[in-house]
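Q: Structure provided below as structure tokens; questions to follow.
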Amino acid sequence: AQSVTQLDSQVPVFEEAPVELRCNYSSSVSVYLFWYVQYPNQGLQLLLKYLSGSTLVKGINGFEAEFNKSQTSFHLRKPSVHISDTAEYFCAVSGPGNQGGKLIFGQGTELSVKP
Amino acid sequence: DAGITQSPRYKITETGRQVTLMCHQTWSHSYMFWYRQDLGHGLRLIYYSAAADITDKGEVPDGYVVSRSKTENFPLTLESATRSQTSVYFCASKYDSNSPLHFGNGTRLTVT
């Protein structure tokens, strides 16, 4: 069975500093990986996805993530954060062996950007 | 382009009552999903559907019932609500098994 672990429940950071949100997954088969962002009182929006090809994936709002198969990780990074990046971020995994295209989500990381 | 709509946005009900949460999508996506979001648990899958008249259980299906008579609708029913079902419920849809999920804005349900 697939699972996702987000290693930090809360990440406080100052504006314009770099940030990394960590995500590890477990799966015995090939995977598709996603990062979603949730702003207060809203649904989740897709930030970026890895299906195949280049291991460095660029998403919206200046975020990027790197797929590392040997370390089973998919960490999310941004070189310089803004106040508006304050939100909850979810890592998710799916895959060809995952019946019905289900996404399994991590528990979320709350990013708090301070001035 | 309305996308995916959930109703109601907020609901308060009493223990033992039946409650139905509605989900409607305008994209004709094949796949639809119901998740619940609780502090410390992230999003947990309740039920999903790969097409009309096809549904299957997720991680936490107990106490919930779904139906999918039409592609665009995927209602979630709590047959006899319990306090442990107080949560935020998200409906989502996707075009095919490799596509990303598109989420509704959620229904905040409180069971008193």
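Q: Which GluC sites (Glu not before Pro) in region B:24-112 sit in a loop by DSSP (not H, G, I, E or B) and have at most 12 other Cβ atoms within 10 Å of their own Cβ?
A: B:Glu79
Q: OK, next. For chain A, with a Gaussian network of springs between Cα atoms less than 10 Å apart, report the residue from A:Glu16, A:Glu88, A:Glu64 with the top mean-square fluctuation.
A: Among A:Glu16, A:Glu88, A:Glu64, the largest GNM mean-square fluctuation belongs to A:Glu16.
Q: What does the extension gain come out to for B:Ser7 and B:Thr82, with contour length at 0.36 nm per residue minus their alpha carbon separation?
A: Using 0.36 nm per residue and subtracting the Cα-Cα distance, I get 25.0 nm.
Q: How about region B:1-80: which chymotrypsin sites (Phe, Trp or Tyr not before Pro) there are in a DSSP loop, with at most 12 other Cβ atoms within 10 Å of their Cβ?
A: Nothing satisfies the criteria.
Q: On to the next question. Go through region A:33-115 and name the trypsin sites (Lys or Arg not before Pro) that are in a DSSP coil and have 10 or fewer other Cβ atoms within 10 Å of their Cβ.
A: Taking region A:33-115 and a limit of 10 other Cβ atoms within 10 Å, the loop trypsin sites (Lys or Arg not before Pro) found are A:Lys69.
Q: Among A:Ser70, A:Ser94, A:Ser27, which one shows the biggest mean-square fluctuation in a GNM of chain A, springs joining Cα atoms closer than 10 Å?
A: Result: A:Ser70 has the largest fluctuation of those listed.
Q: From a point 7 Å beyond the Cα of A:Ser52 in the direction of its Cβ, which residues of region A:68-97 have a backbone N at a distance under 18 Å?
A: Only A:68-69, A:94-97 pass the distance filter.
Q: If you average the C-alpha positions of region B:41-112 and of region A:26-56 separately, how far apart do those two centres end up, in angstrom?
A: Each part reduced to its Cα centre gives a spacing of 20 Å.
Q: Sticking with this one: Taking the Cα-to-Cβ direction at B:Ser28 and at A:Ser30 and moving 7 Å from each Cα, how far apart do the two end points lie in nm?
A: A separation of 2.9 nm, rounded to one decimal place.
Every read-out reported here was derived from the displayed coordinates using simple, explicitly stated rules and does not represent laboratory data. Computed from a predicted structure; not experimentally measured. So basically every Cβ, Gly included, is an ideal-geometry build from the backbone, and we count neighbours across all protein chains shown.
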